[in-house]
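The values are calculated or read from the model by the stated rules, or taken from the named source; none is laboratory data. This is a predicted model, so every value here is computed, not measured. Every residue, glycine as well, gets a Cβ built from its backbone with ideal geometry; the counts of neighbours run over all protein chains shown.
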Amino acid sequence: MIITLIMIYLLTGCSRAVHTLFPPVSEYNETETKILVSLTAGAYSTDPEKCVINILPKWQEWFVYKTRSTTCDVFQNSCSSYIIRSDIIKKIIIVFRGTTIKKQLITEGMQSMRTMRDFFNAGMVNRYFFKALERIWPNIEPLLMDPMFKSYRVTFTGHSLGGAIASLAATRTVIQKLRTGKEIKLVTFGQPRTGDYQFALYHNAHIPFSFRLVHHFDLVPHMPPCKKNVSYPNAENSKSKLCLTGKNGSPYHHGIEIWYPYGMMKGAKYYICLGKPTSEDFNCSNSLTFVFKNYSTYIKDHQYYFNINVSHLIQANAKLTFGLSTLFEK
């Protein structure tokens, strides 16, 4: 049973003050997002510079400023990121890689079953994601602190595990006053729940441009499961319940979900999910239920974003047997 929970979770006291600074924005830019997902796929490459050269406009003169791969847990699994910079348009993009091997996936799942840990008095977050950021942060912080680049706006992005680390990095950047929330963009793909409700309140109040893309039936954004409002009557699907708000210490999403319910081909319809509960809009992907017999579809939807194979882990382990579990039914 424990192994089943692990594999499903990630296919892939101090007081905490909350300050309402910025309202969320809904100006989703699909063109920019398609560039970012390509850069995210490049994080799985040993040479991301080729992706940078082929994807971004030549006149902007983007270059790979720094790459970093480090051991991020006791099992010697690695976490990676790379930073690109354009001195022409004064922008920085920080890209985080997702899970790459099955052993790392299992470790993430084990950590997700443990209690969360405090994140600089801003809420509670997943232990594994926190530790991963701690290992990578020394590669990021010097550039953000450098007075020469203080005016450069920063975009954080990543897929799956990489998306979770990106969201923590963006939030930490604001906490340490390295940038204001309006100088930051966060765009993630197939991101698992990373923090708790209190963290979501802090993040949403401080980083208005924060988007989480969800492709159709991608299962990972629904892991680890949030606490459910069991008293909520749902006439259409009695198995689907909305997330309970105000439950600190249990997983809860932050940012604005962008849901593509019909695939991600050119011109595909998407929803900007601004309904209730905030960041867990029950009119979007959180209304779905998951059944075991369709798990291969869920895996594929996590692997592909805008028809780009973002995750090589899922391809290599597409025939993993998860076992029967009611966790597939929300």
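Among residues belonging to the stretch 78-97 that are farther than 14 Å from Pro48 by Cβ and under 19 Å from the mean Cα position of the chain (by Cα), point out the one that is modelled with the highest pLDDT. Don't jump to the end; show me each part of the working.
Keep residues of the stretch 78-97 that are farther than 14 Å from Pro48 by Cβ, which gives 78-79, 86-92.
So of that shortlist, the ones also under 19 Å from the mean Cα position of the chain (by Cα) come out as 78-79, 92.
Working: Ser78: 66, Cys79: 79, Ile92: 99.
In this case the residue turns out to be Ile92.
Counting only residues that are β-branched (Val, Ile, Thr) and under 14 Å from Gly190 (Cα atoms), which one in the stretch 208-238 is modelled with the lowest pLDDT?
Val220
Across the stretch 258-273, what is the number of residues that are of a type in the set (A, V, I, L, M) and assigned to a loop (DSSP other than H, G, I, E, B)? Steps first, answer last, please.
Restricting attention to the stretch 258-273, the residues satisfying the condition of being of a type in the set (A, V, I, L, M) are 258, 264-265, 268, 272.
From the residues that got through so far, the ones that are assigned to a loop (DSSP other than H, G, I, E, B) too are 264-265, 268.
Summing the residues that are of a type in the set (A, V, I, L, M) and assigned to a loop (DSSP other than H, G, I, E, B) in the stretch 258-273 gives 3.
Give the stretch 164-208 a look and list any residue that's surrounded by fewer than 24 Cβ atoms within 10 Å (Cβ to Cβ) and acidic (Asp, Glu), or say none.
Passing the criteria: only Glu183.
Kindly establish whether Phe199 is modelled with pLDDT of 95 or more and under 20 Å from Lys66 (Cα atoms). Explain how you work it out, then say what you get.
Numbers: modelled with pLDDT of 95 or more: yes; under 20 Å from Lys66 (Cα atoms): no.
Spelling it out, it is not the case that Phe199 is modelled with pLDDT of 95 or more and under 20 Å from Lys66 (Cα atoms).
Quick one: in the stretch 180-198, of everything that is within 14 Å of the chain's Cα centre (by Cα) and outside any strand (DSSP E or B), which residue is nearest to Val125 (Cα to Cα)?
Step by step, filter the stretch 180-198, then rank; the result is Thr194.
Condition check ((1) touching a Gly at 6+ places or on another chain (Cβ under 8 Å); (2) part of a helix (DSSP H, G or I); (3) of a type in the set (Phe, Trp, Tyr)) across all residues:
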| position | (1), (2), (3) |
| --- | --- |
| Gly275 | no, no, no |
| Glu280 | no, no, no |
| Asn283 | yes, no, no |
| Thr297 | no, yes, no |
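From (1) under 16 Å from Asn204 (Cα atoms); (2) not in a helix (DSSP H, G or I), pick out the condition that doesn't hold for Val154.
Only one criterion in (1) under 16 Å from Asn204 (Cα atoms); (2) not in a helix (DSSP H, G or I) is unmet by Val154, namely (1).
In the set Lys241, Lys177, which member is of a type in the set (D, E, K, R), out of contact with any Gly (no Cβ under 9 Å at 6 or more places or on another chain), modelled with pLDDT under 95 and in a loop (DSSP other than H, G, I, E, B)? Spell out the reasoning first.
Details: Lys177 fails: modelled with pLDDT under 95.
Exactly one of Lys241, Lys177 is of a type in the set (D, E, K, R), out of contact with any Gly (no Cβ under 9 Å at 6 or more places or on another chain), modelled with pLDDT under 95 and in a loop (DSSP other than H, G, I, E, B), namely Lys241.
Would you mind stating whether Ala166 is among the hydrophobic types (A, V, I, L, M, F, W, C), modelled with pLDDT under 95 and under 24 Å from Thr70 (Cβ atoms)? Quick ask: steps written out before the conclusion?
Working: among the hydrophobic types (A, V, I, L, M, F, W, C): yes; modelled with pLDDT under 95: no; under 24 Å from Thr70 (Cβ atoms): yes.
So Ala166 fails the test.
Could you check how many residues of the stretch 118-149 are more than 18 Å from the chain's Cα centre (by Cα) and charged (D, E, K, R)?
3
Out of all the residues in the stretch 32-53, which are at pLDDT below 90 and of a type outside the set (A, V, I, L, M)?
Gly42, Tyr44, Ser45, Thr46, Asp47, Pro48, Glu49, Lys50, Cys51
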